[in-house]
Amino acid sequence: MSTISIENVSKCWNNAFVIKDLTIHIHDREFLVLLGPSGCGKTTTMRMIAGLEEPTSGRILFGGEDVTDLAPRERDISMVFQNYGLYPHMTVRENIAYPLRIRKVPLGQHDGLIAEAARRVELESLLDRKPKALSGGQRQRVALARAIVRQPKVFLMDEPLSNLDAKLRISMRARIKRLQYELGTTMVYVTHDQIEAMTLATRVVVMNHGVIQQLDIPENIYNEPANLFVADFIGSPAMNLLPGRLENGTFIGDNIRIPGAGTGSHDHVVLGVRWEDIQLAASGTGHMDAEIYTVELIGDATQVTVQNGKQMVVVRTEKDFKAKFGAPVSIAVQPNRAYLFDSKSEARLKHLESRTHSGA
Ligand SMILES: Nc1ncnc2c1ncn2[C@@H]1O[C@H](COP(=O)(O)OP(=O)(O)O)[C@@H](O)[C@H]1O
Ligand SMILES: [Mg+2]
């Protein structure tokens, strides 16, 4: 069983905590993604799982066995890093063979294992080249082949797609997801890219400042954000966030009133609503009158930004939508799709936690 348990793990550098009391139980065959902004502690967490960094406190278990004090080589893992870490003086074949040599896999098995790994990432024709004669995408595939050749219990991947161009990143993403499914290997994958996290993960850990903000399946991360940080971090374009207050269930913000946005009253709230949960309406008929600020065709939809004073709101409309900049308009928010957060604690308001966001 390739489960991983991270139990109350903290990491200090120079008396400052970069990881604070982290607990995650990773399931066998899970694709767990650590997601968060740069500097939030993703790589540090990964390096502690790998054994490259020692936790200041807490413990790490593989399959129920405490590995906290084991060296990286004593843990059955393989890693892929952003910069691939290929050996420039070795051919592709030798690079892929390296983990087999290090782990003293009998020589007679090498050719078969290398061929199998190369086949899975379509490198068969490139085995005799040196890394410098490869494109970025091909190098990335060598790093993958090297990670899978030994069939470890656990894969650790730290921003493995960050150095690829946008198109290649999307095809490699699909390849990694498929590979993990075929091999059935437990995966811990680090990224700062929310789309990558949402598309790949069975569960996502959203981190900020070394603290878990939410650990959940992608659907819940998107539909039921636990706090303002997660709401703001997930979604593209970002969720619209409007400051205001709640009065007997009516949200009152700058030039906007939305009856039925919540229940009860609360002095300091932030209302969050995604662009797909707002419609444009004729001026004077919606929750907020505004002007068209800009109109951007993005392919299958049009992204319209409307403005009222300092308040900007992004709305999704049909792809053939046309309007003049400055034209008067109104927006209508679906009240049952709005999220309310306490402005101070940034937590989602409790009375909304149990509400379903099941459509219009
Ligand atoms: N070897 C180190 N010594 C001191 N501070 C470090 C070291 N490695 C990382 N840090 C600090 O720990 C924090 C988390 O870094 P890191 O885990 O690399 O974040 P991420 O991978 O999410 O970008 C950062 O503030 C970083 O500066
Ligand atoms: Mg990092």
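The values are calculated or read from the model by the stated rules, or taken from the named source; none is laboratory data. Quick caveat, the model's predicted, so the values are computed rather than measured. Heads up, the Cβs are rebuilt from the backbone with ideal geometry, glycines too, and the neighbour counts pull from every protein chain shown.
The table that follows gives values for the structure above.
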{"read-out": "Count - residues of the range 61-82 that are in contact (Cβ under 8 Å) with a residue 40 or more places away in the chain, away from ligand 2 (no atom under 16 Å from the Cβ) and polar (S, T, N, Q)", "value": "1"}
{"read-out": "Wholly enclosed strands (runs of 3 or more DSSP E) of the range 1-103 bearing at least 1 residues under 20 Å from the mean Cα position of the chain (by Cα) and within 16 Å of ligand 1 (Cβ to nearest atom)", "value": "4-13, 16-26, 31-35, 77-81"}
{"read-out": "Evaluation of ARG245 against (1) crowded, with 16+ Cβ neighbours inside 10 Å; (2) away from ligand 1 (no atom under 16 Å from the Cβ) (one fails), failing number", "value": "(1)"}
{"read-out": "In the range 203-222, residue farthest from ligand 1 (Cβ to nearest atom) [restricted to those that are more than 21 Å from LYS177 (Cβ to Cβ) and among the polar types (S, T, N, Q)]", "value": "GLN214"}
{"read-out": "Those residues of the range 111-161 which are farther than 30 Å from GLY63 by Cα, among the polar types (S, T, N, Q) and touching a residue at least 12 places away in the same chain (Cβ under 8 Å), in sequence order", "value": "GLN138"}
{"read-out": "Residue check, ALA197 among the small types (Gly, Ala, Ser), out of contact with any Lys or Arg (no Cβ under 6 Å at 6 or more places or on another chain) and outside any helix (DSSP H, G or I)", "value": "no"}
{"read-out": "Residues of the range 38-52 satisfying the condition of being in contact (Cβ under 8 Å) with a residue 24 or more places away in the chain and either closer than 17 Å to PRO152 by Cβ or in contact with a strand residue (DSSP E or B) (Cβ under 7 Å, 6 or more places away or on another chain) (or both)", "value": "CYS40, GLY41, LYS42, THR43, THR44, THR45, MET46, MET48, ILE49, ALA50, GLY51"}
{"read-out": "Criterion: modelled with pLDDT of 95 or more, assigned by TED's automatic domain parsing to the domain that holds MET187 and within 16 Å of ligand 2 (Cβ to nearest atom) - qualifying residue of GLY58, GLY85, GLY36, GLY51", "value": "GLY36"}
